[in-house]
Amino acid sequence: MSREPTASPPIPYSFARANGVLLVPASDRLAVRRGAKGAAILEARRVAGRAIQVDSLSDEAFDRLLSETYATDGLSAAADAAAASNLATLARDTADLLDNDDAAPVIRLINAIVAQAVQQGASDIHLEPQAGDGANETGMSVRFRRDGVMEEVLRLPAQIAPMLVSRVKVMARLDIAEKRLPQDGRISLTLGTRALDVRVSTLPARGGERVVMRILDQSSVGLELKDLGLDPATLGALTEALGAPNGIVLVTGPTGAGKTTTLYAALKQLNDGKRNILTVEDPVEYAVPGVGQTQVDTRVGLTFAQGLRAILRQDPDVVMVGEIRDRETAEIAVQAALTGHLVLSTVHANSAAGAITRLRDFGVETFLIAATLRAVVAQRLARQVCPVCVTEEPLAAPLAQRIGLTPGMPVAKANGCPSCRHTGYARRRGLFELITTDGPVRALINEGAGEGRLEAAGLHRSLKESAREAVRAKRTTPTEVLPLFQGEPVRDLAHAGIPAGVDPTAVAPVPGTGGTT
């Protein structure tokens, strides 16, 4: 796959970091960390060979600029070096991804791949063996998942693929000789000043081993509930539920909907130093100071249920369970809420009301659900339009009919530019709905009411209405939220202004509305 050339910074990263001087590419600017020595500044000016402006930056601002400048340095060069080398020796491990000047080519390659993924905001790196009909047709595709959408960034020849996989397995402390069984591990890395935790999963496949590396940026722990995209009414209701001394608050949605991020934001709000907060997770994704975190390990019998039982003997005020996935865990969570604990957890369901019926399916008594449940949040992630290249266009009648908006109203159009890598979208934001269990909702739960009645009685704002609001505000496009409306009854054609003979359902959803955390 062809790539656009990227100019490398003229000063090695190790020199720039150690001496606090940075020549900013494509500019006449020399960034200097406060306290940098004059000799280093003179050397940077000598390397530049031209008149440059010196800008003094704080330590934090300099480190941020350093990471941004060098994050993608060397990807093409590393790939070329890897292709030209025999890659026989896997050199020393590199503590910092960017400090790789003397590393072996395969190490420089994997470092550059991870740095590129982080710089682009990718959530996952996929190393995928590609096998053809012949024995010599194997190779490897490197793909990133960015804003929920997969994109190939690199193709590697067959001789490099096993060495790259072996290097990743060494970094994750996995058995490089075991190629018949799946393995899981993790890597702790730094990229400039950013701490990264990379979860690694290997899987035997035709043509070699597949590797998926999920990037967890520890800076994401700093997100607060107000940063997630909740409207004021929903945010206020959720904050009130989290302020209860006991009960259960659930977050629901499909895989990759951002449930874990919402739970960590809730923990951040509750983590005021006055509460004993304990979690049991599979796995522990982010380290949170002041919170006791336990990881599930089924190999030794530590399941969610066993871990939850154990932490209830640790005098907790707040308990977070990564997922309620069986009857035993659900019943222990309910008992914990009844005995004065605030329990946060996730459950797989398609809507907030669906999470309540899911608890029933687990076999939890309806009166216990009514007595303990405080709120249920359902969420999805939708890509936001790129602010650089976004334009407006009138909403097409078939789309308007499908999602329940006025035909012809101005909506955002995703065009694509270098800033968004020609996708038209930049990052994602949550769409939410919330049910709070006040008196009427509790009565309906006790009656065993269906999802429709529960939504009518307690839903603050539906996912569909959140999607419509995002389209009205031109934060996203109609096609991006269209999957939420699949199966929705179609409005009257004449009312929607759709001409006769036009198929109102002939609008395909854009892939990638979902995605990872």
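Structure notes:
- In a fully extended conformation the segment linking L181 and N246 would gain 19.1 nm over its present Cα-Cα distance, using 0.36 nm per residue.
- The length gained on full extension between F15 and K474, counted as 0.36 nm times the residue separation minus their Cα-Cα distance, comes to 160.8 nm.
- Cβ crowding within 10 Å averaged over residues, with 12-21, 34-43 ranked highest first: 12-21, 34-43
- Per DSSP, loop trypsin sites (Lys or Arg not before Pro) in the range 273-364 with at most 10 further Cβ within 10 Å: K274
- Candidate residues R29, R374, R155: accessible-area rank, largest first, probe 1.4 Å: R155, R29, R374
- Net length gained if the chain between Q314 and D438 were fully extended (0.36 nm per residue, minus Cα distance): 41.6 nm
- Carbon/sulfur fraction of accessible area - the range 311-389, other protein chains in place, 1.4 Å, %: 45
- Surface per residue (accessible, 1.4 Å probe) for the range 404-484, Å²: 42
- Cβ-Cβ FRET estimate between R299 and H422, R0 fixed at 56 Å, reported to 0.05: 0.80
- The residues of the range 171-315 have, on average, 47 Å² of accessible surface per residue, using a 1.4 Å probe with all protein chains present.
- Note on V388/R173: beta-carbon distance plugged into 1/(1 + (r/R0)^6) with R0 of 41 Å gives a FRET efficiency of 0.50.
The values are calculated or read from the model by the stated rules, or taken from the named source; none is laboratory data. What you are looking at is a predicted structure, and each value in this text was computed from that prediction instead of being measured. As a convention, Cβ positions derive from the backbone with ideal geometry for all residues, glycine included, and neighbour counts pool all protein chains shown. Side chains included, ligands, DNA and RNA excluded: accessible areas come from the protein's heavy atoms. Shrake-Rupley method; radii C 1.70, N 1.55, O 1.52, S 1.80 Å.
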